Amino acid sequence: MRSLRPIAVVLIVSVLLAACGGGGDTYGPVDEVPDDAAAVVTASNLEFDPTEVEIETGDRVAWVVDDGVIPHNVRFPDDDIGSENLREGEVWARRFTRAGTYEFVCTLHPRMRGTVTVR
Ligand SMILES: [Cu+2]
């Protein structure tokens, strides 16, 4: 049985790594800007504001649409996650569990771009 141990360890590590795919981050639509949001990005006048966000590992960022009848979304092309199209007043949030640089874009208006730097 002893010889099976390394295999078990490899399996466990694989499962843990798989669970961390996409950063192990939690994300999705929320009813309102979370109280614990470390930063809030507003989509307004066809722009994200701010476009550069700097946070600590484990922090949560919220995106809010405030642009009348114009919908927006927030997508992270590098990890292929993001929101559906959001309308006025809708909020989407992501908690970043790994340090790195995360570019985001509104696919409806590709000039709308920004970066979250997670320290
Ligand atoms: Cu947009």
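Each reported figure results from applying straightforward, stated rules to the coordinates on display, with no laboratory input. Bear in mind the structure is a predicted one, so any value in this text is a computation, not a measurement. We place every Cβ from the backbone using ideal geometry, glycine too, and count neighbours over all the protein chains shown.
Restrict the check to the range 44-57 and report whether at least one residue is touching a residue at least 12 places away in the same chain (Cβ under 8 Å) and in contact with a Phe, Trp or Tyr (Cβ under 6 Å, 6 or more places away or on another chain). Checked the range 44-57: no residue is touching a residue at least 12 places away in the same chain (Cβ under 8 Å) and in contact with a Phe, Trp or Tyr (Cβ under 6 Å, 6 or more places away or on another chain). Only residues that are among the basic types (Lys, Arg) and closer than 20 Å to Asp36 by Cβ were counted in the range 84-119, giving 4. Go through the range 59-73 and count every residue that is aliphatic (A, V, I, L, M) and within 13 Å of the ligand (Cβ to nearest atom). Final tally of qualifying residues: 4. Taking the criterion of being surrounded by fewer than 17 Cβ atoms within 10 Å (Cβ to Cβ) and touching an Asp or Glu at 6+ places or on another chain (Cβ under 8 Å), the residues of the range 43-63 that qualify are Ser44, Asn45, Leu46. Here Thr115 fulfils each of the conditions (1) among the β-branched types (Val, Ile, Thr); (2) touching a residue at least 40 places away in the same chain (Cβ under 8 Å); (3) within 12 Å of the ligand (Cβ to nearest atom) apart from (3). Are any of the residues in the range 42-54 outside any strand (DSSP E or B) and away from the ligand (no atom under 16 Å from the Cβ)? The answer is no; no qualifying residue exists.
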